[in-house]
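Novice: So that we are looking at the same thing, I have put the structure below in structure tokens.
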Amino acid sequence: MNVALWAEIRRLTEIDHLSGRDIAARLHCSRHTVAKALTLTQPPALQAARRSSVLDPYLDRIKELLARYPDLSAVRIREEIARGPQGYTGSATILRRYLRQVRPARGRVYQEVHYQPAQAMQVDWGECGRVQVGRTLRKVSVFVAVLCYSRLMFIEFTLSQRKAEFYRGLVNALTFFGGSPRNLIFDNLKAAVLNGAGRSACFHPEFLALCGYFCLQPLACARRDPESKGVVEGGVRYVKHNALAGRADELTRFEDYLALAPYWRDQVANLRLHETTHERPLDRFHKERALLRPLPAIPFDTDEVVPAVVSPHARIAFDGNRYSVPPQFVRKTIILRANSKELRLLHEGQVVAQHARCYERGQLLVLPEHRLAALTLRQRPYQQALEQEFDSWGPEARAFHLGLNSRPVKTGVHVRRLLNLAKLYGRTEVLAALSRALELATYDAASVENLLLAQRRRRQLPTPTLPTPKRRELIDDIDLEPADPALYDRFCQDTEEDSHGTT
């Protein structure tokens, strides 16, 4: 009997007041069916006819195995019931379908947690694909921090999940929130947990120093238990599905990620209507702000501090790149302090070099003064003294000196020739010619002399000559202040004016 027949029998009985014989005649069914339908107060249940299965002869054996080994896999059960000439020959799919029916459903039962204002903050990392940085393809990660009560979110994109990046993200998140909550909830990342998990976790000393500085109680989750920090897990999914989804054409450089983070955080994430609280996170944060613990006046130092030994080539390696060091510190131990923008190299507490941080890989970054100092140490004392005298002229001379060092020429010969030109024409005119040579990118003493002579020809000045004594040692013994022969050019100009006046 189906539901339609049952419903029609009841209607004809209650509404039309027909007898059982008349109903049976009208519906072409048995009077016994009509009588049975009138005894049912609820619609008849739909029961599909059970078909026989190739598994039926082996059900008793399967129940016996499950009674002894409740967790036995379908593959092992099939091996057991397939033994012998009359063994099971069907597929494992039928067996798995039957086991899903007879075994109890597995899974945890979760309890919803409600947080008080300023009670906790959850943090986690998320992977966001890759981006091209110069000639290097780097992984992009996002650091997400969420206040558990208000659901106010902070995000920051990085190119690694190093310990320093995690600490820097934490400090930046607390600075954005304007205070610190009581508890910090996180998973077993290496930057925070050395070993163990959950309540038995052994924390990293530097991480404990950060928590103590901001009066945070660290709470590590158990292994493979992301539900313990479901608030921030949902935040990471929200970043991937909302902030990053559909923006592949916009996020072609890492700078694009850095620009997206504050815009999406302030204009989208913290202004949305949260589906759990049914309020905007920014509105709920107004109730939580006053209960956060004020931050210390002195910022927490998040620089990555690494001791390093300077190589014989005056280089140190950091994050896949090599950076130059002044050559006098070769084979000495220095301290490297790195933040997100720069590297500082310290020796005995003094900064000896400073580099802009490079996020490419396999790069060599050399400062010009380090290259010049290394070349200076390789020179003879006399040549070194000449080049030091030339460098003392100013930035134009040092720039020209670096240009000479980059050319396959003998630098000492050109420097000596330029010093002699200064004795003949004066330092002022030689420096003017050097500036012009730098503009033309001509690093050659002969070119400087040609530029110098061209300037003098335009000014219609004669070419001065140096005295050539027979006994030069007598001249070398005389100590006089260096003179500028160009000062005598004005006498030539006065003579020419007088001659014009007399004519």
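Residues checked against (1) exposed (fewer than 15 other Cβ atoms within 10 Å of the Cβ); (2) closer than 21 Å to Leu402 by Cβ; (3) acidic (Asp, Glu):
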| residue | (1), (2), (3) |
| --- | --- |
| Val413 | yes, yes, no |
| Leu418 | no, yes, no |
| Leu421 | no, yes, no |
| Leu431 | no, yes, no |
| Ala437 | no, yes, no |
| Asp444 | no, yes, yes |
| Val448 | no, yes, no |
| Leu452 | no, yes, no |
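Novice: Being open to solvent by 10 Å² or more (accessible area, probe 1.4 Å) and within 30 Å of Cys358 (Cα to Cα) is the filter here; which residues of the range 165-185 pass it?
Specialist: Glu165, Tyr167, Arg168, Val171, Asn172, Thr175, Phe176
Novice: Can you spot a residue in the range 126-140 that is of a type outside the set (Ser, Thr, Tyr), in contact with an Asp or Glu (Cβ under 9 Å, 6 or more places away or on another chain) and surrounded by 23 or more Cβ atoms within 10 Å (Cβ to Cβ)?
Specialist: Taking every residue of the range 126-140 in turn, none turns out to be of a type outside the set (Ser, Thr, Tyr), in contact with an Asp or Glu (Cβ under 9 Å, 6 or more places away or on another chain) and surrounded by 23 or more Cβ atoms within 10 Å (Cβ to Cβ).
Novice: Further question: Within the bounds of the range 186-201, is there any residue that is of a type outside the set (Lys, Arg), part of a helix (DSSP H, G or I) and open to solvent by 10 Å² or more (accessible area, probe 1.4 Å)?
Specialist: Checked against the condition, which is being of a type outside the set (Lys, Arg), part of a helix (DSSP H, G or I) and open to solvent by 10 Å² or more (accessible area, probe 1.4 Å), the range 186-201 yields at least one hit.
Novice: Going by the conditions given, is Gln111 open to solvent by 20 Å² or more (accessible area, probe 1.4 Å) and either among the hydrophobic types (A, V, I, L, M, F, W, C) or free of Cβ contacts under 8 Å to residues at least 40 places away in the same chain (or both)?
Specialist: Yes; evaluated as a whole, the condition is true for this residue.
Novice: If the requirement is being assigned to a helix (DSSP H, G or I), closer than 23 Å to Asp187 by Cα and either open to solvent by 40 Å² or more (accessible area, probe 1.4 Å) or at pLDDT 95 or above (or both), which of these qualifies: Tyr263, Tyr257, Tyr238?
Specialist: Tyr238
Novice: Is there a residue in the range 390-400 that is under 30 Å from Ser160 (Cα atoms), in a helix (DSSP H, G or I) and not basic (Lys, Arg)?
Specialist: Within the range 390-400 (the criterion being under 30 Å from Ser160 (Cα atoms), in a helix (DSSP H, G or I) and not basic (Lys, Arg)), the answer is no, since none of the residues qualifies.
Novice: Which numbered condition in (1) closer than 30 Å to Thr136 by Cα; (2) exposed (fewer than 15 other Cβ atoms within 10 Å of the Cβ) is the only one that Pro226 fails?
Specialist: Unmet condition: (1).
Novice: Take the residues in the range 336-352 that are within 21 Å of Arg168 (Cβ to Cβ) and small (Gly, Ala, Ser); name whichever of them is most open to solvent (accessible area, probe 1.4 Å).
Specialist: Restricting to residues being within 21 Å of Arg168 (Cβ to Cβ) and small (Gly, Ala, Ser), the top hit is Ser340.
Novice: While we're here: For the range 241-254, enumerate the residues that are at negative phi and open to solvent by 70 Å² or more (accessible area, probe 1.4 Å).
Specialist: Residues satisfying the conditions are His241, Ala248, Asp249, Glu250, Thr252, Arg253.
Novice: Please count how many residues of the range 1-59 are aromatic (Phe, Trp, Tyr) and closer than 30 Å to Thr93 by Cα.
Specialist: 1
Novice: In the range 206-218, is there at least one residue being open to solvent by 10 Å² or more (accessible area, probe 1.4 Å), in a strand (DSSP E or B), in contact with a strand residue (DSSP E or B) (Cβ under 6 Å, 6 or more places away or on another chain) and farther than 27 Å from Arg253 by Cβ?
Specialist: yes
Novice: List the helices (runs of 4 or more DSSP H) that sit entirely inside the range 51-119 and contain at least 2 residues that are of a type in the set (Val, Ile, Thr).
Specialist: 74-81, 92-102
Novice: A further question on this structure: Among the residues of the range 374-393, how many are modelled with pLDDT of 85 or more and open to solvent by less than 40 Å² (accessible area, probe 1.4 Å)?
Specialist: Count: 3.
The values are calculated or read from the model by the stated rules, or taken from the named source; none is laboratory data. Since the structure is predicted, the reported quantities are computational estimates derived from the model, not experimental observations. All Cβ positions, even for glycine, are placed from backbone atoms using ideal geometry, and neighbour counts span all protein chains on display. Please note that ligands, DNA and RNA were not included when accessible areas were found on the heavy atoms of the full protein model with its side chains. Shrake-Rupley method; radii C 1.70, N 1.55, O 1.52, S 1.80 Å.
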